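Scroll down for the structure; my scribbles are underneath it.
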Amino acid sequence: MNEYLGRVNIVTNYLNFINGEWVSASSGEKHEHFNPANPSESIGFTEVSTVGDVEKAIEAAKAASAGWKAMSSVNRGEILRKAADILEERADDIAKTATQEMGKRFIETKGEALRGASILRYYAQEGMRKKGEVLPSAANGTTLLAVRVPVGVVAAITPWNFPIAIPIWKMAPALVFGNPVVWKPGQETGITATKVAKVFEDAGLPAGVLNLVLGRGSVIGDVLTTHKDVAAVTFTGSNAVGQNIAKLATATGKKFQLELGGKNPAVVLEDANLDLAARLVVDGAMKQTGQRCTATSRAYVEASIYDEFVEKVIEYADKITIGDGLQDGITMGPVASKKQFDTVTGYVQKGKDEGAELLYGGSTLDINGGYYIEPTIFGNATHEMSIVNEEIFGPVVALMKVADYDEALQKANDTIYGLSAAVFTDSLEKAFHFMENSEVGMVQINGETGGAEPQAPFGGIKSSGQGPKEQGQSAVEFFTTNKTVTINPYTK
Ligand code: UN1
């Protein structure tokens, strides 16, 4: 058992990490975590932090700021590289914890841990790359520089659906570019968060550079955005919370980066490889039990191939095996919580009530009382239905028949969201047209709507996101600011 863990009764209590110490929250309150695959199984307790705890974490980050900034980015990168190695060594344990906390399959949480290691390595290298530009000055003999400098204390507010990779893709660039971090993970995955924070501690991060505060967003979210010593807020989560952060951050003059919801369409044209399209529409919709902001949640299918496509989609959906994500051979776990279960089953009911044709699934399953919902496919859906317009965040996809590509594109774009979109076609012309005209941040030609690579910008447009994109070189935009320096060496 790791020495940093305190104990409450027979299960473990997981603490905040502030200024290099594992400490209890001042509330004395604990949050108990239950396994969504078996809700009678308690996984442990996490701290429920107060505004005062967050203030201490921000103070610690502020105090660590100068020292961290003074360390060369090459050396900061070296700490991230060590963190990558440690994360990889502990990938099984951390992945198992994440599966027990939020239900997605071990293969998915393990993949996330390995993706986390690869993100850390990418940003470790970033510490060796250029930190600015030399520009020509109009004045003779003058040197003009644009130098990238840290923004200051970063608040990272992260969701439960990617409890390992999303925090790392925010914290790794924040850290390598010289910013201390205060991290508030989704409460549902607080235990996983302590294990990720421990990786950074053991990699040698100085005290106060990374601080973890566990608890409820409704209690400690606002102070993270408005505190005078926080310079920038990076958030992934719901549109409602994102809008509140945008409002508060604007009022208090903070930089902000929001990665919000999606309602990602797939367009399937008659010249597509229908087996590939059906498999990737099902994968896109059902991976992680549909709990991805990049999940495929609606598909526009040309009428001439609609019936054949439906048959193939059902065939793939029927291959899905449901159960506890720690079990071998399972291809879909439960949804993360009772709250998710209620929301998703509510949407399935709405789909039926609003007249969509239930083609597959639609029921819940009782396995050990877990939060299981069948992969659910609706057909003959129409543009006005709730299941076509609202983000569901569960294993549900709506198929729609369209006359042609133009109608598909128009309907795919007719949404407040703009995260990702896919087109399945062999036509170079239509693929290029879609690439140029689909209103999203990420386009897949013959690919599924989800997925991300550390070196590529990640994020949406319209209501799916605000501020500079995450990951790749885009991260430089958010986690640094330019300082323009003019040097006049000839003073005589
Ligand atoms: C992916 O599709 O692999 O919360 C990444 C989400 C996104 C990340 C998706 N921010 O689902």
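Residues in the range 401-425 that are within 16 Å of the ligand (Cβ to nearest atom) and part of a loop (DSSP other than H, G, I, E, B): 3 in all.
Restricting the range 417-451 to residues that are without any contact (Cβ under 8 Å) to a residue 40 or more places away in the chain and in contact with a Gly (Cβ under 6 Å, 6 or more places away or on another chain), the residue that is farthest from Ala299 (Cα to Cα) is Gly441. Checking the structure you have, find out if any residue of the range 194-208 is within 18 Å of the chain's Cα centre (by Cα) and among the acidic types (Asp, Glu). Looking for residues that are within 18 Å of the chain's Cα centre (by Cα) and among the acidic types (Asp, Glu), one finds none in the range 194-208, hence no.
The residues of the range 452-491 that are without any contact (Cβ under 8 Å) to a residue 24 or more places away in the chain and not in a loop (DSSP other than H, G, I, E, B), listed by number, are Ser474, Glu477. Candidates Ile119, Ile157, Ile107, Ile166: the one that is within 13 Å of the ligand (Cβ to nearest atom), at negative phi and out of contact with any Pro (no Cβ under 7 Å at 6 or more places or on another chain) is Ile157. Identify the single condition in (1) of a type in the set (Asp, Glu); (2) open to solvent by 30 Å² or more (accessible area, probe 1.4 Å); (3) in contact with a strand residue (DSSP E or B) (Cβ under 7 Å, 6 or more places away or on another chain) that Glu448 does not satisfy, given that it satisfies every other one. Every listed condition holds for Glu448 apart from (2).
If the condition is being in contact (Cβ under 8 Å) with a residue 40 or more places away in the chain and assigned to a helix (DSSP H, G or I), then the range 361-394 contributes Ile387, Val388, Asn389. Looking only at residues of the range 277-325 that are more than 26 Å from the chain's Cα centre (by Cα) and aliphatic (A, V, I, L, M), we find that the one that is nearest to the ligand (Cβ to nearest atom) is Val313. Being under 29 Å from Phe458 (Cα atoms), in contact (Cβ under 8 Å) with a residue 12 or more places away in the chain and open to solvent by less than 30 Å² (accessible area, probe 1.4 Å) is the requirement here; does Ala285 meet it? Judged against the criteria, Ala285 is a match.
Contact map, the range 126-153: residues that are farther than 16 Å from Ile487 by Cα paired with residues that are of a type in the set (Phe, Trp, Tyr), Cβ distance under 6 Å, separation 6+ or inter-chain. Pairs shown: Pro150/Phe177.
Restricting the range 452-476 to residues that are within 9 Å of the ligand (Cβ to nearest atom) and closer than 19 Å to Gly111 by Cα leaves a set whose member that is surrounded by the fewest Cβ atoms within 10 Å (Cβ to Cβ) is Ala452. The requirement of being within 17 Å of the chain's Cα centre (by Cα) and either open to solvent by 60 Å² or more (accessible area, probe 1.4 Å) or away from the ligand (no atom under 16 Å from the Cβ) (or both) is not satisfied by Glu429. Between Lys319, Lys312, Lys352, Lys339, the distinction of being assigned by TED's automatic domain parsing to the domain that holds Asp406 and outside any helix (DSSP H, G or I) belongs to Lys319 only.
Residues checked against (1) touching a residue at least 12 places away in the same chain (Cβ under 8 Å); (2) closer than 22 Å to Asp53 by Cα; (3) of a type outside the set (Ser, Thr, Tyr):
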site: Ile168; (1), (2), (3): yes, no, yes
site: Ala172; (1), (2), (3): yes, no, yes
site: Pro180; (1), (2), (3): yes, yes, yes
site: Ala207; (1), (2), (3): yes, yes, yes
site: Leu214; (1), (2), (3): yes, yes, yes
site: Ser218; (1), (2), (3): no, yes, no
site: Leu248; (1), (2), (3): yes, yes, yes
site: Lys263; (1), (2), (3): yes, no, yes
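When Phe479 is tested against (1) surrounded by fewer than 17 Cβ atoms within 10 Å (Cβ to Cβ); (2) among the hydrophobic types (A, V, I, L, M, F, W, C); (3) more than 17 Å from Val267 (Cα to Cα), only condition (1) is not met. Checked against the criterion of being among the small types (Gly, Ala, Ser), touching a Lys or Arg at 6+ places or on another chain (Cβ under 9 Å) and farther than 15 Å from Glu448 by Cβ, the range 285-301 has no qualifying residue. Is it the case, given these coordinates, that Gly178 is of a type outside the set (A, V, I, L, M, F, W, C), on the phi > 0 side of the Ramachandran plot and at pLDDT 95 or above? Yes. Which ones in the range 351-360 are touching a residue at least 24 places away in the same chain (Cβ under 8 Å) and in contact with a helix residue (DSSP H, G or I) (Cβ under 7 Å, 6 or more places away or on another chain)? Answer for the range 351-360, where residues must be touching a residue at least 24 places away in the same chain (Cβ under 8 Å) and in contact with a helix residue (DSSP H, G or I) (Cβ under 7 Å, 6 or more places away or on another chain): Gly351, Glu354, Ala356, Leu359, Tyr360.
The residues on offer are Ala336, Ala317, and the sole one that is in contact with a helix residue (DSSP H, G or I) (Cβ under 6 Å, 6 or more places away or on another chain) and buried (at least 24 other Cβ atoms within 10 Å of the Cβ) is Ala336.
Selection within the range 433-451: residues that are of a type outside the set (Val, Ile, Thr) and assigned to a loop (DSSP other than H, G, I, E, B). The member of this set that is nearest to the ligand (Cβ to nearest atom) is Gly450. If you filter the range 19-47 down to residues that are farther than 16 Å from Leu224 by Cβ and among the aliphatic types (A, V, I, L, M), you find that the one that is least open to solvent (accessible area, probe 1.4 Å) is Ala37. The residue list Arg279, Arg292 contains one member that is open to solvent by 40 Å² or more (accessible area, probe 1.4 Å) and basic (Lys, Arg), which is Arg279.
The values are calculated or read from the model by the stated rules, or taken from the named source; none is laboratory data. No experiment lies behind these values; they were computed from the predicted model shown. Ideal geometry is used to build each Cβ from the backbone, glycine not excepted, and the neighbour counts take in all protein chains shown. Calculation scope for accessible area: heavy atoms of the full protein, side chains included, ligands and nucleic acids excluded. Shrake-Rupley method; radii C 1.70, N 1.55, O 1.52, S 1.80 Å.
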